Amino acid sequence: MKNTIKWFGFIVLVAVIGFSMTACDDGNSPTSTSLDGTWERNTTSGTGSGMRVTVSGSTAILNHLNNNPNALTKDAIDKGYLKVGNQYWQELTSAGNLTWSGQQSNISYYTSSPNVAIGLTWVDCTFTMSSDGKTLTVRGSGSGGWTQTWTRK
């Protein structure tokens, strides 16, 4: 009888510890804590609008180009540097709290010819998702830093 009570007590203790480590959903958590899916770049000027990527795991593939590219982007497209099917984000790694680190493919150019594409380069970025999982802010460290806003589609 004593062994049965000891086992019962042990099982209860393990259950209490296990349940105390389980996170509770209070309804305030984001709908998705994964970057997986399709994202579209938002712009106010129209330049860059329509650019879309599909994220799967630690990479994103470009699946739609700009509807109204600026001169540099148009030159990169014309030269074949930037095209549908290219890897656009890479090495996406969770940094916790709806934040990821990774890299984005950016168009290279000489400062003396800012509208002439000479290739692509990888730029270190921080990716921060809104708590509702619908908006992604990408901050790049290259060219003095820049910020882009993307929307989940």
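No lab work stands behind these numbers, since they all come straight from the coordinates. Just so it is clear, the structure is predicted and the values come from calculations on it, not from any experiment. Counting neighbours? That spans all protein chains shown, and the Cβs are built from the backbone with ideal geometry, glycine included.
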Inset, instruction - Quickly run through region 72-122 and pick out the residues that are over 19 Å from V53 (Cβ atoms) and acidic (D, E). - result: D75, D78
Inset, instruction - Go through region 115-130 and count every residue that is touching a residue at least 24 places away in the same chain (Cβ under 8 Å), surrounded by fewer than 18 Cβ atoms within 10 Å (Cβ to Cβ) and assigned to a strand (DSSP E or B). - result: 7
Inset, instruction - Any chance you could count how many residues in region 62-84 are more than 28 Å from D132 (Cα to Cα) and either hydrophobic (A, V, I, L, M, F, W, C) or surrounded by fewer than 14 Cβ atoms within 10 Å (Cβ to Cβ) (or both)? - result: 10
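Among the residues of region 85-114, write down those that are farther than 20 Å from R139 by Cβ and either exposed (fewer than 13 other Cβ atoms within 10 Å of the Cβ) or not hydroxyl-bearing (S, T, Y) (or both).
Passing the criteria: G85, N86, Y110, T111, S112, S113, P114.
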